[in-house]
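Since the structure comes first, as structure tokens, the remarks are kept for the end.
The values are calculated or read from the model by the stated rules, or taken from the named source; none is laboratory data. Here the structure is a predicted model, which means the values were calculated and not measured. Neighbour counts run over all protein chains shown; Cβ positions are idealised from the backbone, glycine included.
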Amino acid sequence: MDRQFLKKKIEKITASYVHDPDVRLSDDQVNTLIEKFNEQRLANPNEDLHHILHDVIYDYLTVNYF
């Protein structure tokens, strides 16, 4: 998938979970999330991509921010 598209989706999904405009992910954090998304996508080829992306972001945020 296109990295720019994934980056925009990650930013939008993160904003929907965090509700704080001051919380922004660094480029390194976004790259980590893209890598985890790609790993999950390959491990679960029949899973909905939208669900995989939400799961990866939610897991990351709960460990690092909440």
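Listing for the model above:
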{"read-out": "Selection from region 15-31 of residues that are at pLDDT 95 or above and closer than 11 Å to ILE57 by Cβ", "value": "GLN29, VAL30"}
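Conditions (1) in contact with a Leu (Cβ under 8 Å, 6 or more places away or on another chain); (2) among the hydroxyl-bearing types (Ser, Thr, Tyr); (3) farther than 15 Å from ARG3 by Cβ; (4) surrounded by 10 or more Cβ atoms within 10 Å (Cβ to Cβ), marked per residue:
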{"site": "HIS19", "(1), (2), (3), (4)": "no, no, yes, no"}
{"site": "ARG24", "(1), (2), (3), (4)": "no, no, yes, yes"}
{"site": "LEU33", "(1), (2), (3), (4)": "yes, no, no, yes"}
{"site": "GLN40", "(1), (2), (3), (4)": "no, no, yes, yes"}
{"site": "PRO45", "(1), (2), (3), (4)": "no, no, yes, no"}
{"site": "TYR58", "(1), (2), (3), (4)": "no, yes, yes, yes"}
